[in-house]
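I have placed the structure first, in the form of structure tokens, so that the comments after it can refer back to it.
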Amino acid sequence: MKDLSNKVAEIKRRLPRTAAAPNQMWTLIRRTAPFVGCKSCYSDHSTTRHFYTRTSNGVPTGLYGFDHLKSPNGFQRFVDDAIERSSELVNYISEMPSSVEIIRAMDEISDAVCSVVDSAELCRQTHPDREFVEEASKASMRISEYLHYLNTNHTLYDAVKKAELDGYLLPKEAHRAANHLRSDFEKGGIHLCADKLDRVNQLNMDIFQLCREFNQNIINDPGHVDIFPESRIPKHIHHLLKPICRLTSGPSRESLRSWDNKKEKGFRITTDSRTLQSILQCTSDDEVRKMVYIQGHSVPQANHEVLDLLVAARNELAQIMGYRSYAEFIVMPNMASSPEVVMSFLLEMSKMIKPKADEEFEAIKNFKRKSCGQKYVHLEPWDEAYYTAMMKSSTYNLDACVVASYFPLGQCIEGLKMLAESLFGVTFHSVPLAPGESWHPDVLKLSLQHPEEGEMGYLYLDLYSRAGKYTGCANFAIKGGRRLSETEYQLPVVALICNFPGSHNLSVRLNHHEVETLFHEFGHALHSLLSRTDYQHFSGTRVALDFAETPSNLFEYYAWDYRVLRRFAKHYLTGEIIPEKLVKSMQGARDMFAATELQRQIFYALVDQTLFGERLGQTRDTSSIVADMKRQHTSWNHVEGTHWHIRFSHFINYGAGYYSYLYAKCFAATIWQKLCQEDPLSLTTGTTIRTKFLQHGGAKEPADMLNDLVGDGILRYCNGGIVPDITSFSDEVKLMEDKQEQILL
């Protein structure tokens, strides 16, 4: 595979030197599975429970409450201290203490290193000061190099294996931690011979570089289309585009003297995902939509090679590790257990949804025919967003501006607080930020408190878009929860990052998709904040990949339920509660083409499994595979010359794991229907969700938690793996079908 390494080396030369992403290094501190302190160290952390309360008394501190991070250079000392403390614990483990002490010490190593990794990552993604970002990148690089030492340390590996063998002496969670730690070591290749281990390490570095190149190419080459005249673009989206001009005749002296009379105004449309969607949804000009669609789904061309190299590198890595494919390598530790189980589930879903998706396709086609006044029309992929938006608007008389008027951001935050209090009996309180603690004036800080249990954790909110900031919405861990002693618990700290328009203005109004996104990310945040695991290895969202999105998908339901919305959704001027009729219209519009959207997600998951599955014939390229699968698994045509997959970043972040979103949707649908739908704000129901689900993080088997929470009917066993029961999710689709038939007849 010398050719692969040479090509990756060329890619690496094109990139600036920054830190390796820990989750690409198969380290012991993967975000889904980070390390707790030995008893002899408890006294060192006797104030950890109040670690963040001390930052609210006006005394200067550092970024995120870490004293080291008062300046960018503080990242150096932050890394030094983490390495120093971890090295002390490595020496302690080498003396082979009791198995319980081994696991505690391993978890404390992870906690020390995770604090650096997570803080550096959040800083790199959100901090406006380039010096802070650069120092955070250096810190990530240094800690990654130290992680390589930890991941190849046979003393630690042997100690973990000893602890696992002594499982009968350990509490359940400690034994589970030993099992996971041993597995994590082996995923890094520690059990391999030297030559194979060297190759695995090189492949992990190659994969990291390829992932960076893939994402960087998307940023650097979003594509563009120039449109003339400007009248072809609706006025209400002009602000998204760059005005341009061109001469309407040759550059004669006369034309140059009368430039203002001869120039034609137009727009340059940058075909990044957000702008692309706005153009496709709002522009009536078929030719404009077609040009923008084709361009937006044809760049960046450089990612053809990058993706092929990534598929090859991940496949080789998996085979060295003894797996048939990268998909098997990724899926096996999760509920599904094998790619065969995943594919069976996806194909079943695809078959279930196809008749409904085909009906929706024909309905859109008929609407286009009537709109165009033509007997025969072709429905193309660039038509979907435009005509479905028209159909929703005409059927339900919805105005996005009217909907947004009921969702000022400040009220939405109050809605999240109300939801947490109603369900879990906990309250969020604003906390003053200490000097040096925040990274931007827009940042807010909330403390989560329980009337009997006291402080539960801390949540930073960084909700507004700005230049240089991470462009998506995400939940970032800063500190995982873990038990320090019988009476002390290290509180979890997380940051909820969004990109809403405006700045430090809680009156900014959100569209409902943004409200749903806010509730989704809040579900992740609560999973972390309400978690009460002994080990931070299992804190909050550090769970099986195909289980992690379940709380966030569950919380999306609350963003659509009128009984919840009426508690906080009020008109920004009049204070009027959102009308129930309007919410029903929103729900109806959401449901109109749900099968089409679901079919798309199934298609994405099928492509993901196929590309990273067992190797296909060498004569097949990824583009032809994707094109064939679109024809087979969707109702829509494949447009020759388009390659949507070369800008699908989920191949990077969720390679062979994209199916997990569909697992989560099915689990969440069952939980909602069986537990929450009757009374969505029930404290009794919320307490059940907390005590049987959220508080356990990854400390219990996902299947055991789901069965304990819901009982029969949430999952089933299939060929040695677990798949969600799709009955509840299917019921939602059938309900939508009934409504759709009434609308479209």
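Can you pull out every residue in region 370-389 that is over 12 Å from LYS290 (Cα atoms), aromatic (Phe, Trp, Tyr) and surrounded by 16 or more Cβ atoms within 10 Å (Cβ to Cβ)?
The answer is TYR387, and nothing else.
Working only within region 437-463, note down all residues that are of a type outside the set (A, V, I, L, M) and within 18 Å of the chain's Cα centre (by Cα).
As a first pass, look at region 437-463 and keep what is of a type outside the set (A, V, I, L, M): 437-442, 445, 447, 449-455, 457-458, 460, 462.
Once the filter is applied, which keeps residues that are of a type outside the set (A, V, I, L, M) and within 18 Å of the chain's Cα centre (by Cα), region 437-463 yields TYR460, ASP462.
If only one of ALA594, ALA559, ALA548, ALA589 is buried (at least 21 other Cβ atoms within 10 Å of the Cβ) and out of contact with any Ser or Thr (no Cβ under 6 Å at 6 or more places or on another chain), which one is it? Spell out how you get there, then give the answer.
Working: ALA594 fails: buried (at least 21 other Cβ atoms within 10 Å of the Cβ); ALA548 fails: out of contact with any Ser or Thr (no Cβ under 6 Å at 6 or more places or on another chain); ALA589 fails: buried (at least 21 other Cβ atoms within 10 Å of the Cβ).
Just one listed residue meets the conditions, ALA559.
Which members of region 252-269 meet the condition of being modelled with pLDDT of 95 or more and surrounded by 18 or more Cβ atoms within 10 Å (Cβ to Cβ)?
Of everything in region 252-269, those that are modelled with pLDDT of 95 or more and surrounded by 18 or more Cβ atoms within 10 Å (Cβ to Cβ) turn out to be GLY266, PHE267, ILE269.
If I ask for residues that are of a type in the set (S, T, N, Q) and modelled with pLDDT of 95 or more, which ones from region 123-152 would you list?
First, pick out the residues of region 123-152 that are of a type in the set (S, T, N, Q): 125-126, 137, 140, 144, 151-152.
Of everything in region 123-152, just one residue is of a type in the set (S, T, N, Q) and modelled with pLDDT of 95 or more, namely THR126.
Just to be sure before I move on: is GLU134 surrounded by fewer than 17 Cβ atoms within 10 Å (Cβ to Cβ) and closer than 30 Å to GLY472 by Cα in the structure I sent? Break it down into steps so the answer makes sense when it comes.
Working: surrounded by fewer than 17 Cβ atoms within 10 Å (Cβ to Cβ): yes; closer than 30 Å to GLY472 by Cα: yes.
Yes, satisfied.
Quick check: anything in region 529-537 surrounded by fewer than 24 Cβ atoms within 10 Å (Cβ to Cβ), closer than 30 Å to LEU565 by Cα and not assigned by TED's automatic domain parsing to the domain that holds ALA120?
yes
Can you name every residue in region 279-302 that is surrounded by 20 or more Cβ atoms within 10 Å (Cβ to Cβ) and not in a loop (DSSP other than H, G, I, E, B)?
Correct list: ILE279, LEU280, ARG289, VAL292, TYR293, GLY296.
Condition first: touching a helix residue (DSSP H, G or I) at 6+ places or on another chain (Cβ under 9 Å) and either under 19 Å from GLN695 (Cβ atoms) or of a type in the set (Lys, Arg) (or both). Now tell me which residues in region 447-465 satisfy that.
Passing the criteria: SER447, LEU448, HIS450, GLY454, GLU455, MET456, GLY457, TYR458, LEU459.
Do we find that SER507 is surrounded by fewer than 18 Cβ atoms within 10 Å (Cβ to Cβ), over 25 Å from GLY74 (Cβ atoms) and touching a Pro at 6+ places or on another chain (Cβ under 7 Å) in this structure? Explain how you work it out, then say what you get.
Numbers: surrounded by fewer than 18 Cβ atoms within 10 Å (Cβ to Cβ): yes; over 25 Å from GLY74 (Cβ atoms): yes; touching a Pro at 6+ places or on another chain (Cβ under 7 Å): yes.
Spelling it out, SER507 is indeed surrounded by fewer than 18 Cβ atoms within 10 Å (Cβ to Cβ), over 25 Å from GLY74 (Cβ atoms) and touching a Pro at 6+ places or on another chain (Cβ under 7 Å).
Going by the conditions given, is SER249 part of a loop (DSSP other than H, G, I, E, B), touching a helix residue (DSSP H, G or I) at 6+ places or on another chain (Cβ under 9 Å), modelled with pLDDT of 90 or more and among the hydroxyl-bearing types (Ser, Thr, Tyr)?
On the way: part of a loop (DSSP other than H, G, I, E, B): yes; touching a helix residue (DSSP H, G or I) at 6+ places or on another chain (Cβ under 9 Å): yes; modelled with pLDDT of 90 or more: no; among the hydroxyl-bearing types (Ser, Thr, Tyr): yes.
Against the criterion (part of a loop (DSSP other than H, G, I, E, B), touching a helix residue (DSSP H, G or I) at 6+ places or on another chain (Cβ under 9 Å), modelled with pLDDT of 90 or more and among the hydroxyl-bearing types (Ser, Thr, Tyr)), SER249 does not qualify.
Within region 446-483, which residues are part of a loop (DSSP other than H, G, I, E, B) and crowded, with 24+ Cβ neighbours inside 10 Å?
Taking region 446-483 and keeping what is part of a loop (DSSP other than H, G, I, E, B), we get 451-453, 465-473, 480-481.
GLY480, GLY481 - these are the residues of region 446-483 that are part of a loop (DSSP other than H, G, I, E, B) and crowded, with 24+ Cβ neighbours inside 10 Å.
Consider region 484-499. How many of its residues are part of a strand (DSSP E or B) and farther than 17 Å from LEU446 by Cβ?
Here is the first cut: in region 484-499, the ones part of a strand (DSSP E or B) are 489-490, 493-499.
From the residues that got through so far, the ones that are farther than 17 Å from LEU446 by Cβ too are 489-490, 499.
Within region 484-499, residues that are part of a strand (DSSP E or B) and farther than 17 Å from LEU446 by Cβ number 3.
Collect the residues in region 358-408 that are in contact with a Leu (Cβ under 9 Å, 6 or more places away or on another chain) and in a loop (DSSP other than H, G, I, E, B), keeping them in residue-number order.
Hits for region 358-408 are LEU398, SER405, TYR406, PHE407.
Restricted to region 318-332, and to residues that are surrounded by fewer than 21 Cβ atoms within 10 Å (Cβ to Cβ) and among the small types (Gly, Ala, Ser), which residue is farthest from LEU545 (Cα to Cα)?
GLY322
For region 333-365, how many residues are surrounded by fewer than 16 Cβ atoms within 10 Å (Cβ to Cβ) and closer than 23 Å to ASN719 by Cβ?
3
Which condition number does MET291 fail, the rest of (1) out of contact with any helix residue (DSSP H, G or I) (no Cβ under 7 Å at 6 or more places or on another chain); (2) within 30 Å of GLN209 (Cα to Cα) being met?
Looking at each condition in turn, MET291 falls short on (2).
For residues that are in a loop (DSSP other than H, G, I, E, B) and more than 26 Å from the chain's Cα centre (by Cα), tally how many sit in region 198-229. Can you show your working first?
At the first step, the residues of region 198-229 found to be in a loop (DSSP other than H, G, I, E, B) are 221-223, 228-229.
When the remaining residues are screened for being more than 26 Å from the chain's Cα centre (by Cα), the result is 228-229.
Summing the residues that are in a loop (DSSP other than H, G, I, E, B) and more than 26 Å from the chain's Cα centre (by Cα) in region 198-229 gives 2.
Among the residues of region 116-131, which ones are surrounded by 24 or more Cβ atoms within 10 Å (Cβ to Cβ) and under 30 Å from LYS162 (Cα atoms)?
Matches in region 116-131: VAL116, VAL117.
Between residues in region 511-538 that are acidic (Asp, Glu) and residues that are in a loop (DSSP other than H, G, I, E, B), which pairs lie under 6 Å by C-beta distance while being six or more apart or on different chains?
That search, which allows pairs on different chains as well, returns GLU516/ALA559; GLU521/CYS473.
Which residues, counting only those in region 153-187, are touching a His at 6+ places or on another chain (Cβ under 7 Å), of a type in the set (Gly, Ala, Ser) and at pLDDT 95 or above?
ALA177
The values are calculated or read from the model by the stated rules, or taken from the named source; none is laboratory data. Bear in mind that the values here come from a model prediction, so they are computed numbers and not experimental data. Because the Cβ atoms are built from the backbone with ideal geometry, glycine has one as well, and the counts that use them run over all protein chains shown.
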